[in-house]
Amino acid sequence: MLGRIERESPAHAALAAQAGGWSGLVVPDGGAPAAAGPQELVELLDLGTADDTLATVASIADLAAVVHLGHPEQPAPALEEALLAGDTSLMVTAAAAVRTQWVWVGHPEATGGAVVIDESGLRDCRDVLRTLGVSPRLVPARTPIDERVAIAGPDGSLVVERPRVPAGLVELAGSERLGALPPVWYGLLESRDVWPRFAGPAQVWLAFGPYDDHRGSLQPTLAVIADAGVDLQHLRSHPSQMGPHVFFTSFLCPRVEVLDALAADLDTRGVAHRTLGVLPGQGFVPGPAALTPRWAGA
């Protein structure tokens, strides 16, 4: 069985499941999830809030969930934190990018008014909507389409997935800019006793806590990671109730033996750690949003 968080777009989650060939079944020997036919993925189970979804996946065998990743190389902070705070069996094991299906629609005679949009739509489209100068009106993802139309009224409009556009509404000028948005990355969240075995490269999400609380205690752990031949692509700290900070990392791992050896070395040194994700593949395109830094003295 395969589900999703209630706030996630049902259309995009289903497309990601189709693109990834995910069924949500955990293969006992550590292999890849079994493929599922498109007819099975018309609507994924609504598993409730993010916390409810993680707890349900951890407690029910053969249930997985499609979750928004941010990017395989640079995970969304909220997902990293939820995974580390959740059951120790939870892990993201695959990634797929899907073209966004968002369109901006309204009555042909619409003259303005609020743009009704849900949480996932605002997450993906906020920058474009800001440049269009519109006023979003946020509604819960569970709000039925007919209720959104009623909220918008005759002068308002909707941002909604193309397959869910109601009869009588047409695309508005500027909707094409939503269609030009970059693909969105989703992942398969499973409950596993061990991380999947992988022969080729895989993106690994590793969280750890320094072995001791003193100035410079992070450096020895970073040295262990460097000695393993790993080049961090992502490093982020977050306050912890069990110490000053925890650290989230993401890196490309050439083969599973490297991850095995790194985990064993961290264990030997008494460094608390968890592998939060193992996503087979490399060169995940499109990449994370890049910026042009302006350094002091440049």
Taking the range 60-75, which residues are under 9 Å from the mean Cα position of the chain (by Cα) and closer than 17 Å to Val278 by Cβ? Val66, Val67, Leu69, Gly70, His71, Pro72, Pro75
The residue that is least open to solvent (accessible area, probe 1.4 Å), considering only those in the range 145-165 that are in contact (Cβ under 8 Å) with a residue 60 or more places away in the chain and in contact with a Phe, Trp or Tyr (Cβ under 8 Å, 6 or more places away or on another chain), is Glu161
From the options Arg137, Arg130, Arg148, residue that is more than 19 Å from Ala11 (Cβ to Cβ) and modelled with pLDDT of 95 or more: Arg137
Residue list for the range 248-276, restricted to those being farther than 17 Å from Leu84 by Cβ and free of Cβ contacts under 8 Å to residues at least 24 places away in the same chain: Glu257, Asp260, Ala264, Asp267, Thr268
If you scan the range 226-258, which residues turn out to be of a type in the set (Val, Ile, Thr) and at pLDDT 95 or above? Thr249, Val256, Val258
When every residue in the range 111-139 that is charged (D, E, K, R) and open to solvent by less than 60 Å² (accessible area, probe 1.4 Å) is compared, the one nearest to Gly70 (Cα to Cα) is Asp124
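The values are calculated or read from the model by the stated rules, or taken from the named source; none is laboratory data. Values in this document were obtained by computation on a predicted structure and should not be read as measured data. Quick reminder, even Gly has a Cβ in these numbers, built from the backbone with ideal geometry, and neighbours come from all protein chains shown. The area values use the complete protein model at the heavy-atom level, side chains included, leaving out ligands, DNA and RNA. Shrake-Rupley method; radii C 1.70, N 1.55, O 1.52, S 1.80 Å.
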